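The structure appears below as structure tokens.
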């Protein structure tokens with residue numbers, strides 16, 4: 001009997017785990033937060049793995065791992081909070097359709113998106129049919145500007161386009177109690193550097209003053225400076241280190 005009850009509990013627990021739908025929020029500040037998306041009915045925010053994010057701070061909700069092409073970015077409105085409500089948000093399907101409308105709600109598990117279409121009527125669409133939702137398209141255009149800038153016409157004449165050189169990575173650890181850390185990486189004009197960061201640093205005696213590469217864990221932009229300045233060496237030494245890997249990609253044109 002005990003085994004049977006345990007089996008039932010495991011089945012129910014497993015079902016609960018798969019209810020939410022995975023997504024990535026691109027915040028207006030450029031941070032990307034990935035995890036299981038859920039929605040509190042009647043609210044103006046969503047949660048990723050239990051942490052609440054206001055939709056006012058979200059540029060894009062992405063359901064795929066790839067960024068948009070330049071043509072898609074250029075097709076969305078240039079402003080946030082468009083006065084024309086039915087052109088305020090853009091819903092991009094995985095087959096490339098771009099639908100203008102206004103987000104109405106998500107289902108609590110995040111799997112169904114309901115919106116009012118520009119052409120009229122309210123519509124439900126499954127999250128697994130979507131590539132992206134532009135919540136604040138003006139901010140999204142700013143964040144995706146490098147994609148648009150990279151969409152250049154072919155180089156005229158016989159001049160060869162830059163050819164990427166294979167990427168190499170260097171891992172650097174940044175202790176929480178050290179002000180500066182030399183990378184010993186020399187950067188030339190035209191080089192591209194990509195940072196993949198992980199780790200956590202405590203900023204003061206306040207246990208909530210912790211930061212990851214995505215930003216402050218508690219969502220606050222205010223640091224408790226009094227505690228941070230007065231921290232003694234013992235407190236500093238207890239800070240967890242952050243680690244990031246630097247990938248340097250040079251181009252043949254800049255060599």
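Can you find, within the range 36-63, the residue that is surrounded by the fewest Cβ atoms within 10 Å (Cβ to Cβ) among those that are touching a helix residue (DSSP H, G or I) at 6+ places or on another chain (Cβ under 7 Å) and part of a loop (DSSP other than H, G, I, E, B)? Spell out the reasoning first.
Filtering the range 36-63 down to residues touching a helix residue (DSSP H, G or I) at 6+ places or on another chain (Cβ under 7 Å) leaves 44-46, 59-60, 63.
Okay, now just the ones that are also part of a loop (DSSP other than H, G, I, E, B), so 44, 63.
Working: 44: 9, 63: 22.
Looking at the filtered set, the residue picked out is 44.
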- Regarding residue 83, is this residue modelled with pLDDT under 95, assigned by TED's automatic domain parsing to the domain that holds residue 35, exposed (fewer than 13 other Cβ atoms within 10 Å of the Cβ) and assigned to a loop (DSSP other than H, G, I, E, B)? yes
- Flag for residue 172 being modelled with pLDDT of 85 or more and either in a loop (DSSP other than H, G, I, E, B) or surrounded by 12 or more Cβ atoms within 10 Å (Cβ to Cβ) (or both): no
- Item | Within the range 88-123, tally of residues that are under 25 Å from residue 20 (Cβ atoms), touching a helix residue (DSSP H, G or I) at 6+ places or on another chain (Cβ under 9 Å) and not in a loop (DSSP other than H, G, I, E, B) | 11
- Query: Pick from the range 73-90 the residues that are within 19 Å of residue 147 (Cα to Cα) and free of Cβ contacts under 8 Å to residues at least 60 places away in the same chain: which of them is nearest to the chain's Cα centre (by Cα)?
  - Reply: 90
- When residues of the range 124-145 are limited to those that are touching a residue at least 60 places away in the same chain (Cβ under 8 Å) and part of a strand (DSSP E or B), the one farthest from residue 96 (Cα to Cα): 134
- For residue 71, work out the one condition from (1) over 18 Å from residue 28 (Cα atoms); (2) in a loop (DSSP other than H, G, I, E, B) it doesn't fulfil. (2)
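To keep it simple, each residue is scored yes or no on (1) under 14 Å from residue 63 (Cβ atoms); (2) modelled with pLDDT of 95 or more; (3) in the same structural domain as residue 37 (by TED's automatic domain parsing).
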site	(1), (2), (3)
105	no, no, yes
124	no, yes, yes
133	yes, yes, yes
157	no, no, no
163	no, no, no
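The values are calculated or read from the model by the stated rules, or taken from the named source; none is laboratory data. Predicted model, so just to flag it, every value in this text is computed and none were measured. Reconstructed Cβ throughout: ideal geometry from the backbone, glycine too, with neighbour counts over all protein chains shown.
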